[in-house]
Amino acid sequence: MTDVKKISITGYEDYSISEDAIVYDIDFYEVEQEIYNNYLTVRLHYNSELNHIGKRFIVHRLVAREFIGNIEDLLVHHIDGDKLNNEVDNLKILTQSEHMILHKTGKHRSESTKRKIKASLNRTYRKRKIKNIVKIDTVKITTYNTPQETKDAKESFDAKMVKFVNKIS
């Protein structure tokens, strides 16, 4: 069995982190990780006995910061696309533009992942379409003083409806 490298976490010396993304407390117990916004996170405390609040950290950013180097203003990319695989060998530091190009081209994704993303986008688009249609059902009752004001309001409404129908078609 190979030894996994563990190092102390900068600013939180009561904790250490391993190359395979396991965080340990001062007594070498694993610190519980939770999923938050689709990423594994861990809560660290400045002084575990005195401070009960702590701060939440995204695990892959901790691994990258401690094993790869300075990641300030940079993005940490999961090479295999699995946001829960935070091992140092699966992480790559990219600029915002490099990350956008990589994700726009989709070179890092398998065909099944591309299909899932496309299906998800289609569902999102349909939901937005439905929300827009529902907004039309809102009724606004207004009293007009003259027949001309009534006619102008109707023409304005008709023009908006035509524009909306063309937009969703």
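The values are calculated or read from the model by the stated rules, or taken from the named source; none is laboratory data. Predicted model, so just to flag it, every value in this text is computed and none were measured. Heads up, the Cβs are rebuilt from the backbone with ideal geometry, glycines too, and the neighbour counts pull from every protein chain shown.
Numerical summary
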quantity	calculated
Residues being out of contact with any Ser or Thr (no Cβ under 9 Å at 6 or more places or on another chain) and either part of a strand (DSSP E or B) or not assigned by TED's automatic domain parsing to the domain that holds N86 (or both) - total across the stretch 14-36	3
Pair list, Cβ under 9 Å, 6 or more apart: the stretch 37-49 residue in the same structural domain as G11 (by TED's automatic domain parsing) and crowded, with 17+ Cβ neighbours inside 10 Å, other residue of a type in the set (G, A, S) and at pLDDT 85 or above	L40/A21; L44/G11
Given (1) touching a helix residue (DSSP H, G or I) at 6+ places or on another chain (Cβ under 6 Å); (2) assigned to a helix (DSSP H, G or I), number of the condition R65 does not satisfy	(1)
Residue, nearest to K92 (Cα to Cα), within the stretch 1-13, restricted to residues that are outside any strand (DSSP E or B) and within 27 Å of the chain's Cα centre (by Cα)	T10
